[in-house]
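K.L.:
Provided herewith is a single structure, encoded as structure tokens, for subsequent inquiry.
The values are calculated or read from the model by the stated rules, or taken from the named source; none is laboratory data. In this text the structure is predicted, and so the values were computed from the model without any measurement. Please note: Cβ atoms are built from the backbone with ideal geometry, for glycine as well, and neighbour counts cover all protein chains shown. Protein only, heavy atoms only, side chains kept; ligands, DNA and RNA dropped before computing areas. Shrake-Rupley method; radii C 1.70, N 1.55, O 1.52, S 1.80 Å.
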Amino acid sequence: THPCGVVSAFGSVWVANDGGTLVKIDPRTNRVRKRIRVGTGACLMAAGRQALWIANYEGGLVRVTPRGRVRKVDVGATPDHVLVAFGRIWVTTWGDGRLAVVDPRTLDVVRRIPVGAKPAGLIARNGAVWVGFTGDTSSISRVSPRTFQVERVSVGVPSRGPSSPGRR
């Protein structure tokens, strides 16, 4: 296993290992304070106000509270990137070309938005969610968090990216 994602939240540094653990580290002492089982494939993550959110490319979206309670959410095939923005959790599902939108309170998937093949990479900027892609592509997608409408934006010449998530 190897570290795949890291985030600072709730006074600690958290590291997701793709072998299935989330490690809580005290940044003052650099000591591991807790290891939490989150399932093989845990990788990129984001921090919200009340939980950590982990894209587990073998097991869905994983929510972990600061106390270590774990809940899994089925968001689609091969979750890759995760973003907390606009009161929602946004997850690229690399395997089915969608952007899943999750309500953080109910854990319901409120939308599965087709964005294009192999979505990976998310950022919130200027009132929109922006989605990048791996593979042979020359555009990104801009998604409205209000209407969920998708607009493709050309960014230049296609280039080869990683062939699959979790193998960086």
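K.L.:
When the label point is put 7 Å from the Cα of residue 111 along its Cα-to-beta-carbon vector, which residues of the stretch 126-140 have a backbone N closer than 12 Å?
P.N.:
Under 12 Å, as judged by backbone N against the label point of residue 111, lie 128-130 of the stretch 126-140.
K.L.:
Can you tell me which of 119, 27, 66 moves the most in a GNM of the chain? Springs connect C-alpha atoms under 10 Å apart.
P.N.:
With Cα springs under 10 Å in the chain, the top fluctuation among 119, 27, 66 is at 27.
K.L.:
What is the P(r) of the stretch 1-136, as percent of Cα-Cα pairs per 5 Å bin from 0?
P.N.:
Over the stretch 1-136, the share of Cα pairs per 5 Å bin runs 2, 12, 22, 24, 20, 12, 6, 2, 0 percent.
K.L.:
Taking only protein heavy atoms into account and a 1.4 Å probe, give the accessible area per residue of the stretch 54-113 in Å².
P.N.:
Numbers: 2650 Å² over 60 residues.
Ligands and nucleic acids excluded, the figure is 44 Å² per residue.
K.L.:
Determine how many Å³ per residue the convex hull of the Cα atoms of the stretch 5-63 encloses.
P.N.:
63 Å³
K.L.:
If you don't mind, another one. How much of the accessible area of the stretch 45-165, probe 1.4 Å, is carbon plus sulfur, in whole percent?
P.N.:
Values: 2760 of 6130 Å².
Here carbon and sulfur together make up 45 percent of the probe-accessible area.
K.L.:
Same structure again: Can you list the lysines whose alpha carbon is less than 20 Å from that of residue 72, not counting same-chain residues fewer than 8 positions off?
P.N.:
Answer for residue 72, where 20 Å is the Cα cut-off: 24, 34, listed by chain and number.
K.L.:
On to the next question. Who wins for biggest fluctuation among 12, 139, 154 in a Gaussian network model of the chain, springs between alpha carbons below 10 Å?
P.N.:
154
K.L.:
Give me the percent relative contact order of the chain, please, defined on Cα pairs under 8 angstrom at least 6 residues apart.
P.N.:
Contact order relative to length: 12 percent.
K.L.:
Also: Using heavy-atom solvent-accessible surface (probe 1.4 Å) with all chains present, what is the largest-first order of 151, 58?
P.N.:
Details: 151 100, 58 125 Å².
Greatest to least solvent exposure: 58, 151.
K.L.:
To the nearest Å, what is the center-to-center distance of the stretch 1-46 and the stretch 82-134, using C-alpha atoms only?
P.N.:
Distance between centres, Cα-based: 22 Å.
K.L.:
How much length would be gained if the chain were fully extended between residue 34 and residue 50, taking 0.36 nm per residue of separation minus their Cα-Cα distance, in nm to one decimal?
P.N.:
On the way: separation 16, 0.36 × 16 = 5.76 nm, distance 1.78 nm.
Net length gain for the segment: 4.0 nm.
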